[in-house]
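First comes the structure, then the notes that go with it.
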Amino acid sequence: MGWMAKRRLRTGPTAALPAKPDPAELLRIIQLADPGARKDGDDIVATDVRVYAAVEAEADLTGGELEKAWAVRVAAEGPLPLDFFDRYLAEGLAFRLKGLAVTRGEVSDPADGGVGGPAVILPVRPTAEELAPLLEQQEDDEFTFVAGDIKAMLVPQKGQPPAVQELLPFATELTAIELRGDEPVKLGTLALELSEALNGLVVDRWRFRVDAAEDLVPPA
């Protein structure tokens, strides 16, 4: 790969993967973040971004962290994507496909954890009474709840993640129940229970839809 090709890989957030992804599987995963994502030739087009077909990259893309890497670059189509959708998309892809994320030349491993957990996105802000079967409200704080060692925060959802577009016909302002804890499967199980009880959708910290608690666990 020549110098120009390597430079081109660094113009947008990139998922550096240890194996070439299957195009159909890549589309399926991207549709968890944007159900409207579609094929466009060898690429995939989603909200405000183009996900370029995987190309083989040299080891210096990841600073030698991966001996061999396939690069899936996410580039803005027009203005910069809202709510860091391009970066989140690259990081979410890297998490699900056992890879690393490269943004502005910095390499990170999404499986290492970090700030943020799953969230339940709701079309209507729930009352404390509606949450009571699953969450206990903290005294003198109408926005903070607990369930054992899990903390839940009731906050306005910033932006409108493409993954939750199906909620938008019923609401223009979404509410998120942000969950924090040390055990991903417990977090996912509670999130899915809340979602079912309150007619919402569960997303991970990159705003990919979560259908099973195990979706929050890094692939083996």
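The values are calculated or read from the model by the stated rules, or taken from the named source; none is laboratory data. These numbers were taken from a predicted model, which means no experiment stands behind them. Methodologically, a virtual Cβ is constructed for each residue, glycine included, from the backbone with ideal geometry; neighbour enumeration extends over all protein chains shown. To get the accessible areas, we keep the full protein, side chains included, count just its heavy atoms, and leave off ligands, DNA and RNA. Shrake-Rupley method; radii C 1.70, N 1.55, O 1.52, S 1.80 Å.
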Exercise. When the Karplus curve 6.51 cos²θ - 1.76 cosθ + 1.60 is applied with θ = phi - 60°, which whole-Hz ³J(HN,Hα) does each residue of region 174-190 get, with x for Gly and Pro?
Worked result: 9, 10, 10, 9, 8, 10, 9, x, 9, 10, x, 5, 5, 4, x, 5, 5
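Taking the Cα centre of region 80-179 as the origin, how large is its charge dipole in debye, to the nearest 20, when only Lys and Arg (+1) and Asp and Glu (-1) carry charge on their Cβ atoms?
Dipole magnitude for region 80-179 comes out near 580 debye.
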Problem set entry | Residue-by-residue Karplus 3J(HN,Hα) for region 121-127, coefficients 6.51, -1.76, 1.60, Hz, glycine and proline x | 9, 10, x, 9, 5, x, 8
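Please say if region 139-190 is rounded, prolate or oblate, where rounded means a/c under 1.5 for a ≥ b ≥ c the square roots of the C-alpha gyration tensor eigenvalues, and otherwise the choice is prolate for a/b larger than b/c and oblate otherwise? Can you show the working numbers first?
Working: a/c = 3.07, a/b = 1.54, b/c = 2.00.
Oblate, since a/c reaches 1.5 and b/c is not below a/b.
When only Cα pairs under 8 Å and 6 or more residues apart are kept, what is the percent relative contact order across the chain? Write out the running numbers ahead of the final one.
Working: 433 pairs, mean separation 45.8, N = 220.
Computed over the chain, the figure is 21 percent.
At R0 = 41 Å, how high is the FRET efficiency between residue 58 and residue 214 if r is their beta carbon distance? Nearest 0.05 is fine.
On the way: r = 33 Å, r/R0 = 0.82.
About 0.75, to the nearest 0.05.
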Exercise. What accessible area per residue comes out for the chain, rounded to a whole number of Å², with a 1.4 Å probe?
Worked result: 53
For this session: Pull out the extension gain between residue 19 and residue 43, defined as 0.36 nm times the separation in residues minus the alpha carbon to alpha carbon distance; nm, one decimal.
Result: 6.9 nm
Problem set entry | Apportionment of accessible area to carbon and sulfur, region 1-157, percent (1.4 Å) | 51
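Calculate for the chain the 222 nm mean residue ellipticity that helices alone would give, adding -39,500 (n - 2.57) per DSSP H run of length 4 or more and normalising by residue count, nearest 500 deg cm²/dmol. Present the calculation step by step, with values, prior to reporting the outcome.
On the way: 5 runs with 49 residues, N = 220.
Rounded to the nearest 500, it is -6500 deg cm²/dmol.
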Exercise. Share of region 161-205's accessible area from carbon and sulfur, percent, 1.4 Å?
Worked result: 49
Exercise. Computed from the mean reciprocal separation of all distinct C-alpha pairs, what Kirkwood hydrodynamic radius does the chain have, in Å?
Worked result: 18.2
Exercise. Peptides 82-90, 178-186: what's the order by average Cβ count within 10 Å, highest mean first?
Worked result: 82-90, 178-186
Problem set entry | Simple label model, 7 Å out from Cα along Cβ direction - residue 124 to residue 189, nm | 3.0
Exercise. Roughly how many debye, to the nearest 20, is the charge dipole of the chain about its Cα centre, given +1 on each Lys and Arg Cβ, -1 on each Asp and Glu Cβ, and no other charges?
Worked result: 1120
Problem set entry | Highest to lowest packing among 141-149, 67-75, 99-107, 210-218, scored as the average C-beta count within 10 Å | 67-75, 99-107, 210-218, 141-149
For this session: Enumerate the lysines that residue 20 could reach by cross-link, defined here as Cα to Cα under 21 Å, with residues fewer than 8 away along the same chain left out.
Result: 6, 39, 68, 98
Problem set entry | J(HN,Hα) series, region 133-150, from Karplus relation 6.51 cos²θ - 1.76 cosθ + 1.60, nearest Hz, glycine and proline x | x, 10, 10, 9, 6, 6, 4, 6, 9, 6, 10, 10, 9, 9, 9, x, 8, 9
